[in-house]
Amino acid sequence: MSKTSDISGFYKLDRKERLKIVKKFAELSDKDVTTLKKTGALDYEQANRMIENVIGTMELPLGIAVNFLINGKDYLIPMAIEESSVVAAASNGAKIARVRGGFEAKSTRPEMIGQIQLTGLKNIERAKRNIMEKKDEILELANEQDPVIVELGGGVKDLKIREIETPRETMIIIHLIIDVRDAMGANVVNTMAEAVAPLIEKITGGGVYLRIVSNLATHRLARAKAVFDKEAVGGEEVVDGILEAYAFAASDPYRCATHNKGVMNGVVALALATGNDTRALESGAHSYSALGGNYRPLTSWTKDETGNLIGEIELPVAAGILGGATKLNPVADVCLKILGVKSARELGEVMASLGLAQNLAALRALASEGIQRGHMRLHARNIASLAGAKGELIDEVAKRLIDENQINVKRAEEILREMS
């Protein structure tokens, strides 16, 4: 039987029912489900192997975004995030995308950049020539550091030279372009860059200082596109409102920062759920937005000849399904099983689609009811809990707060007193 992520009313189900659906969809074992149900699934010993000076762990809510159809395949997307409305918004955006076939996504090869900083050069042009004459020798030495990844089709694919002016001197920056396959790749990139540094010094007579991965992964891009039916979005007026909001973001860095933050709500939540480096993804995405000198949106929005909304996204995605915390953290391991991706490239394509859905939902809210109203409606249950509501009273108090449009702790406390 085919699987579908088009699950109506998933948010209304209790935890047991949600886990039952996810277990069946992702073919999880009973042990996997137990891992998801455990509070503190990441125990001290595991955490202590991951970072230094460990005293405990800190948990975040783990939710499932539904309705995602990407390249004809259904996905349930795990998201670890503390912010209300994000998972619901992503699911809603994906539901609208399904009307016209879901998301089309693609990606480039999983190539990362290893930077080698070469200084103290007496003759820049001669150093460049010497490096290019010895290019094959440099690449061979780099690939000797990880024969396994080379056997899998990865390894160093190219070498580029950049000349940059700095406050101290003119420097040569050598870029090793390394296919890291299904890993995020920082460790293998750093290892290769360090291994070839002495050879580069010998070839050029210069001195190497930094040799390190760049998180601006311009060779490792993920793209997604979707057509959002104008009626499903809310009509022509809402479509035009979204285009106005996009024009604002495209022209003003203050607005654009928040626009892109909304995109990264989805990308980072999935990265965190799967044990990927959220800081690398954030820095790479925002740096990519600023290439060319102006900070720009990660997404673009237009409409077709019939008035339907077209959304597109492009961003660097340095994320993997092997290495790092993806296997060390047991919850991250289960999340990858739920997601069901078979490669780092597929993970990047899902991240891009999720970011686009997140952006659509945010812009739609801004263009219609206003984002704060929708956000606070979903936040009403948290307010009810803060006021002291327990069990079924949480939903009753939250409903009253929403109906009265007074979503604050003081009113929630008053409602509780009235109910008692």
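Things to note:
- Placing pseudo-labels 7 Å out from each Cα toward the beta carbon at V99 and E133 gives an inter-label distance of 6.5 nm.
- Of the trypsin sites (Lys or Arg not before Pro) in the stretch 11-118, those whose Cβ has at most 15 other Cβ within 10 Å and which sit in DSSP loop: K38, R100
- Between 0 and 90 degrees, the angle of helix 124-133 with respect to the longest Cα principal axis of the chain falls at about 90 degrees.
- With all protein chains modelled, accessible area of K135 [1.4 Å, Å²]: 50 Å²
- Net charge over other residues, Cβ less than 14 angstrom from the Cβ of G284 (K, R count +1; D, E count -1): -2
- Backbone amide hydrogens, once placed in the peptide plane, bring R181 within less than 5 Å of G155, excluding anything fewer than 5 places away on its chain.
- Calculated on C-alpha atoms, the gyration radius of the stretch 1-72 divided by its Kirkwood radius gives an Rg/Rh of 1.07.
- Stretch gain in nm, segment D43-E314, where the contour uses 0.36 nm per residue and the Cα spacing is subtracted: 93.9 nm
- Fraction of accessible area attributable to carbon and sulfur, the chain (%, probe 1.4 Å): 50 percent
- Sites L386 and L322, calculated FRET efficiency, Cβ-Cβ separation with R0 30 Å, nearest 0.05: 0.15
- For the stretch 236-276 versus the stretch 182-212, the inter-centroid distance based on Cα atoms is 36 Å.
- Sum of side-chain charges, D182 neighbourhood, beta-carbon under 10 Å (Lys, Arg +1; Asp, Glu -1): +2
- GluC sites (Glu not before Pro) lying in DSSP loop within the stretch 236-298, provided at most 15 other Cβ fall within 10 Å: none
- In Hz, Karplus ³J(HN,Hα) per residue of the stretch 356-364 (6.51, -1.76, 1.60; θ = phi - 60°; x = Gly, Pro): 5, 4, 4, 5, 4, 4, 5, 5, 5
- With kT/(6 pi eta Rh) evaluated at 25 °C and eta = 0.890 mPa s, and Rh the Kirkwood radius from Cα pairs, the chain diffuses with a coefficient of 104 µm²/s according to Stokes-Einstein.
- ³J(HN,Hα), Karplus 6.51/-1.76/1.60, whole Hz, each residue of the stretch 304-321, x for Gly, Pro: 7, 5, 9, x, 6, 8, 10, x, 9, 9, 9, 7, x, 10, 8, 9, x, 10
- With distances taken between every two different alpha-carbon atoms, the stretch 111-214 has a Kirkwood hydrodynamic radius of 13.6 Å.
- Residues considered: V54, V156, V33. Largest GNM mean-square fluctuation over the chain, using C-alpha springs under 10 Å, is found at V54.
- Per residue of the chain, the DSSP helices (runs of n ≥ 4 H) give a summed -39500 (n - 2.57) that works out to -16000 deg cm²/dmol at 222 nm.
- Degrees between helix 330-339 axis and first principal axis of the chain (Cα, 0 to 90, nearest 10): 80 degrees
- Cα centroid separation, the stretch 11-39 to the stretch 135-165: 43 Å.
- Across the stretch 373-419, C-alpha contacts under 8 Å between residues 6 or more apart give a mean separation that, scaled by the residue count, equals a relative contact order of 42 percent.
- Accessible area (Å², per residue) of the chain, counting only protein heavy atoms and a probe of 1.4 Å: 50 Å²
- Counting charges near T191 (Lys, Arg +1; Asp, Glu -1) among other residues having Cβ under 11 Å from its Cβ returns a value of -2.
- For the chain: relative contact order, % (alpha-carbon pairs under 8 angstrom, 6 or more apart): 20 percent
The values are calculated or read from the model by the stated rules, or taken from the named source; none is laboratory data. Treat the numbers as computed from the prediction; the structure is a model and nothing was measured. FYI the Cβ positions are ideal-geometry reconstructions off the backbone, even for glycines, and counts take in every protein chain you see. For accessibility, only protein heavy atoms count, side chains too; no ligands or nucleic acids. Shrake-Rupley method; radii C 1.70, N 1.55, O 1.52, S 1.80 Å.
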